[in-house]
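The values are calculated or read from the model by the stated rules, or taken from the named source; none is laboratory data. Quantities reported herein were computed from a predicted structural model and do not represent experimental measurements. Using ideal geometry, Cβ is built from the backbone for each residue, glycine included, and neighbour counts are taken over all protein chains shown. SASA here: full protein model, heavy atoms, side chains in, ligands and nucleic acids out. Shrake-Rupley method; radii C 1.70, N 1.55, O 1.52, S 1.80 Å.
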Amino acid sequence: MKKTGAWLARHALEQLGVRYTFGIPGVQNTELYDELNSSETITPMLVGHEGGGAFMADGLSRLGDSVGTLVVVPAAGLTHAASGIGEAYLDGVPMLVICGGVRTDIPYRYQLHQMDLHAFMKGITKATWHIERHVDIVPTIFEAYRVATGGEPGPVFIELPVNLQLFPEEVGELPRFEPAPRPAPADAASIEAAVALLKNARRPGLFVGWGARDALAAVTAIAEHLQAPVATTLQGFSVFPAGHPLHCGFSFGPHAVPAARNAFADCDVLLAVGTRFAEIATGSFGAPVPGTLIHVDINPAALNANYPTRVAIAGDATVVLPQLAQALRAAGPARPDDAALKARIAADKAAYRQSWYDHRGNGRVNPARFFDALRAANPPEAVTVVDDGNHTYLTAELYPVLGAKTAIVPTDFNAMGYSVPAAIGAKLARPQAPVNCIVGDGCFRMTCMEIVTATQYGLGVVYYVFADGELSQIAQAQEIPYNRKPCAVLHPVALDGVARAVGAQYLKIDSDADCQRQIDAANAAARQGRPVIVEVAVDYTKRTAFTEGVVKTNFQRFTLAQKARAIGRAVYRKITD
Ligand SMILES: Cc1ncc(C[n+]2csc(CCOP(=O)(O)OP(=O)(O)O)c2C)c(N)n1
Ligand SMILES: [Mg+2]
């Protein structure tokens, strides 16, 4: 059987259930694009910029049942895509990166787009392959998929030289895809040790990250059995729904909302699942992680990395947590309903909200009022995609995410501009659900032209642009120590003009009174398959609990001399201003 490399690649992707590819054609991949164009199950999507394509692939992978796949040209296409590949890498999101390669059948160097792609990809992919023979194409793509989706998921990179794509060769019988075996269960001794600690805990607590995203039933069972409060990471903030009475919010400690701060104040045994205890999740490592830590994570390198464990279990949460839930049940009855704890959580949440309502700001849109209106106008299954900035923490603190696995957040790599394209990928993954993107004005201008892709494919994503005119998350951190905000004030962008350019509907929310009406109008347009840009004149004069807490945590970590220097400069700047 003689087949071209492009046919073989298409065949492999079809067998893997890939439904969309994202990218831009060029000299080294037009043959593959031509093949994909004939596929009945794969839609090759043209994007405006490969970075946008990579963020779309990421959004699709996080929420869908097919793996986001890129088809790009080497050098420029790949370097453009790198921000999205890096985001997926640090966030544990599977992605296939198929890149055309320069010809291997001619003796010339300095071909178009020729560079060392593998060196470039080394730090942001789990593995790379350079395919040299036709017979290797299908097995290599299958193997790459197993690596991308196995263990802690992540992106993988395949270079497929253009001459292989173009010309047919004999390949014999093609292999069938063999999925990876189910992950192994935890050993009985570790489960027993964890149960003993949790059973004897005075105040157990649960901290869950994105790694627990498919283990909701077991997380809920364990939390209820122990009557333990549940905090999430930022990336995992939709892993445990906000409607549950034991849900506290994002993180715990000085940078968390009062519900989580108080519920975890006396936590003596922490069960952490699917989190690496990274900087954002722990509020710059300010979270008071107790000495008695049980840590479950699929990546053994994350265990004992930042906080020493009493019990460390390297395993998949979907296997380990049901084991743990069952062992807890076998070890004794559930704790009685802790009505006092639940009442405290509810009261703390209400009081925190009230503090936002009470804030006398600058007359612009109160974030809590906006999020109330957004919540009221959306069903629990609505998907939320956020970017990186003050708007991220506002969303985490003020928007109750009700549906499990309905919010995605770029975390740790933290590429601004993520959300605009990622929301397009999310909409492809969940076409029936409303998709709302909360994006800062700085992030928005990085990738807003990608909305053309949403218009082209009739994807009704609603973009709420929090237009404060600043790179606020940074500007807030500059204000006190420097008494100025260098390079953090944005030149205005006419968002109505952007909307016109990309074919989106434009709406504006100027005050609290506009929220309901404009959100309803946005939803109506989105239901017709039209993207919508809603400019929100948001009031940023009140800081999030996260920002307040993290500033304190970092300052406290300074030595005396460092503190003196920082304070001295701030005071000097203030009085000489
Ligand atoms: C690509 C990239 N560049 C710079 C940063 C640093 N950074 C983090 S948040 C932020 C501000 C984002 O501004 P905006 O989108 O307006 O959101 P706001 O904080 O105002 O809500 C910046 C500059 C980053 N995370 N990513
Ligand atoms: Mg801003």
Of all residues in segment 515-565, which are touching a Gly at 6+ places or on another chain (Cβ under 8 Å) and among the small types (Gly, Ala, Ser)? 525, 526, 529, 549
Any chance residue 9 is surrounded by 20 or more Cβ atoms within 10 Å (Cβ to Cβ) and more than 20 Å from residue 87 (Cα to Cα): yes
Among residues of segment 445-461 being open to solvent by 30 Å² or more (accessible area, probe 1.4 Å) and farther than 14 Å from residue 499 by Cβ, the residue nearest to ligand 2 (Cβ to nearest atom) is 446
Within segment 399-412, does at least one residue satisfy the condition of being open to solvent by less than 10 Å² (accessible area, probe 1.4 Å), away from ligand 2 (no atom under 16 Å from the Cβ), in contact with a His (Cβ under 9 Å, 6 or more places away or on another chain) and not aliphatic (A, V, I, L, M)? no
Boolean, residue 562 is of a type outside the set (A, V, I, L, M), touching a Leu at 6+ places or on another chain (Cβ under 9 Å) and in a helix (DSSP H, G or I): no
Tally of residues being over 23 Å from the mean Cα position of the chain (by Cα) and either under 28 Å from residue 411 (Cα atoms) or among the acidic types (Asp, Glu) (or both) across segment 13-45: 8
For residue 516, state whether it is within 16 Å of ligand 2 (Cβ to nearest atom), in contact with a helix residue (DSSP H, G or I) (Cβ under 7 Å, 6 or more places away or on another chain), under 18 Å from residue 367 (Cβ atoms) and open to solvent by 20 Å² or more (accessible area, probe 1.4 Å). no
Looking only at segment 292-309, decide whether some residue is at positive phi and either of a type in the set (Asp, Glu) or modelled with pLDDT of 95 or more (or both). yes
Just to be sure, is residue 499 within 16 Å of ligand 2 (Cβ to nearest atom) and over 18 Å from the mean Cα position of the chain (by Cα)? no
Those residues of segment 165-182 which are surrounded by 10 or more Cβ atoms within 10 Å (Cβ to Cβ) and touching a residue at least 60 places away in the same chain (Cβ under 8 Å), in sequence order: 165, 166, 167, 168, 169, 171, 174, 177
Looking at residue 464 and the list (1) within 11 Å of ligand 2 (Cβ to nearest atom); (2) assigned to a strand (DSSP E or B), which single condition is not satisfied? (1)
Just to confirm my filter: which strands (runs of 3 or more DSSP E) fall fully inside segment 30-135 and include at least 3 residues that are modelled with pLDDT of 95 or more and aliphatic (A, V, I, L, M)? 69-72, 95-101
Residue 353 vs. criteria of a type outside the set (Gly, Ala, Ser), within 19 Å of residue 547 (Cβ to Cβ) and either crowded, with 22+ Cβ neighbours inside 10 Å or in contact with a Ser or Thr (Cβ under 9 Å, 6 or more places away or on another chain) (or both): no
Out of everything in segment 413-444 that is within 8 Å of ligand 1 (Cβ to nearest atom) and within 14 Å of residue 499 (Cα to Cα), what residue ends up being surrounded by the most Cβ atoms within 10 Å (Cβ to Cβ)? 444
